[in-house]
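Notes for the one structure printed next.
The values are calculated or read from the model by the stated rules, or taken from the named source; none is laboratory data. Treat the numbers as computed from the prediction; the structure is a model and nothing was measured. Cβ atoms come from the backbone with ideal geometry, glycine included; neighbour counts cover every protein chain shown.
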């Protein structure tokens, strides 16, 4: 193998790292190589997941799943897609196709960053305005905080009775290592342009005036969330309670940040009715006057989606390689403002 030997001699460290990774992942057995072809395409394939009548048009199922953040996530050697980017691409596909008569959002998300959630909400509003195609939201296990924020752009929200819905509110979290650093005799120093430049830094304690500034931003983003809910949902004053008291522990209205069951969400006016995803598809058919429309989903060319509940496929990790996912759900998220339910 003269080429490999020459390449190894010229770049010994990177090649050695690859060899060590292979040994760690595959153990000490006989060496083997497996090349699995993966589609090199950024396009989306359309897959029919529920048949309809001939010439009846289509209902596009668009996924809103997992952490809503405008960045790629996932694990070592197996990154996942940017959910905002994929969401926009699915809507574009549904908008270009004149045979798509309506969109069903299949939501299973605890929310995400304020901006990512708002971006997806605004993309839906623009889609509705530009196309006139009805949008129906269907919740699965969770449609909380940013996930619910996105659902508010739909004409109708259908929830399963056991779905977790709500968590209307904003959270800002930061960690500090100052106490730990003090114990081991390490001091962090910042050279900054202004007193507030390092606000929220993990190397210092949050001061009272800094806390006040961050609270102002939280209040602003919270007011936006409340305005979105009021614009789209039928939440009465008796259910909402006195918003002037929303920071008090005695306040238990829908804007307290608490979650509700899907059945309770309907009772409170946060959703329209209970039902399954198939019911949401039937409602989309009715709203679009397309009773014979089939249901389709968009996914990458690899994999297979066999039903309306199938997730968009992701490329499998390489054989013998352990997939290490970033522990987003464990709390290791970038410091920032979130429309997020974190039990």
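Values computed for the structure shown
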quantity: Selected residue (criterion: farthest from the chain's Cα centre (by Cα)) from residues of the range 181-191 that are surrounded by fewer than 10 Cβ atoms within 10 Å (Cβ to Cβ) and over 19 Å from residue 335 (Cα atoms); calculated: 185
quantity: Residue 86 being assigned to a helix (DSSP H, G or I) and without any contact (Cβ under 8 Å) to a residue 12 or more places away in the chain; calculated: no
quantity: Residue in the range 279-287 that is surrounded by fewer than 16 Cβ atoms within 10 Å (Cβ to Cβ), in contact with a strand residue (DSSP E or B) (Cβ under 9 Å, 6 or more places away or on another chain) and modelled with pLDDT under 80 present; calculated: no
quantity: Strands (runs of 3 or more DSSP E) (entirely within the range 122-169) containing at least 1 residues that are touching a residue at least 24 places away in the same chain (Cβ under 8 Å), on the phi > 0 side of the Ramachandran plot and touching a strand residue (DSSP E or B) at 6+ places or on another chain (Cβ under 7 Å); calculated: 164-166
quantity: Residues of the range 173-189 satisfying the condition of being in a loop (DSSP other than H, G, I, E, B) and more than 19 Å from residue 336 (Cβ to Cβ); calculated: 185, 186, 187, 188, 189
quantity: Verdict on residue 84 being surrounded by fewer than 22 Cβ atoms within 10 Å (Cβ to Cβ) and either over 19 Å from residue 48 (Cα atoms) or under 11 Å from the mean Cα position of the chain (by Cα) (or both); calculated: yes
quantity: Residue in the range 96-117 that is under 29 Å from residue 55 (Cβ atoms), modelled with pLDDT of 95 or more and in a helix (DSSP H, G or I) present; calculated: yes
quantity: Test: residue in the range 217-232 that is more than 30 Å from the chain's Cα centre (by Cα) and either without any contact (Cβ under 8 Å) to a residue 40 or more places away in the chain or surrounded by 10 or more Cβ atoms within 10 Å (Cβ to Cβ) (or both); calculated: no
quantity: The range 288-310, residues that are within 24 Å of the chain's Cα centre (by Cα) and at pLDDT 75 or above; calculated: 295, 296, 297, 298, 299, 300
quantity: Leading residue by the ranking (surrounded by the fewest Cβ atoms within 10 Å (Cβ to Cβ)) among those in the range 52-70 that are in a loop (DSSP other than H, G, I, E, B) and more than 10 Å from the chain's Cα centre (by Cα); calculated: 54
quantity: Qualifying residue in the range 96-106 (condition: within 30 Å of residue 217 (Cβ to Cβ) and either in contact with a strand residue (DSSP E or B) (Cβ under 8 Å, 6 or more places away or on another chain) or exposed (fewer than 15 other Cβ atoms within 10 Å of the Cβ) (or both)); calculated: yes
quantity: Selection status of residue 321, more than 18 Å from residue 109 (Cα to Cα), buried (at least 19 other Cβ atoms within 10 Å of the Cβ) and either at pLDDT 50 or above or touching a helix residue (DSSP H, G or I) at 6+ places or on another chain (Cβ under 6 Å) (or both); calculated: no
quantity: Flag if residue 253 is exposed (fewer than 14 other Cβ atoms within 10 Å of the Cβ), modelled with pLDDT under 95, farther than 23 Å from residue 62 by Cβ and out of contact with any strand residue (DSSP E or B) (no Cβ under 8 Å at 6 or more places or on another chain); calculated: no
quantity: Filter pass, residue 155 being under 28 Å from residue 83 (Cβ atoms), surrounded by fewer than 16 Cβ atoms within 10 Å (Cβ to Cβ) and at pLDDT 95 or above; calculated: no
quantity: So residue 199, is it surrounded by fewer than 11 Cβ atoms within 10 Å (Cβ to Cβ) and on the phi < 0 side of the Ramachandran plot; calculated: no
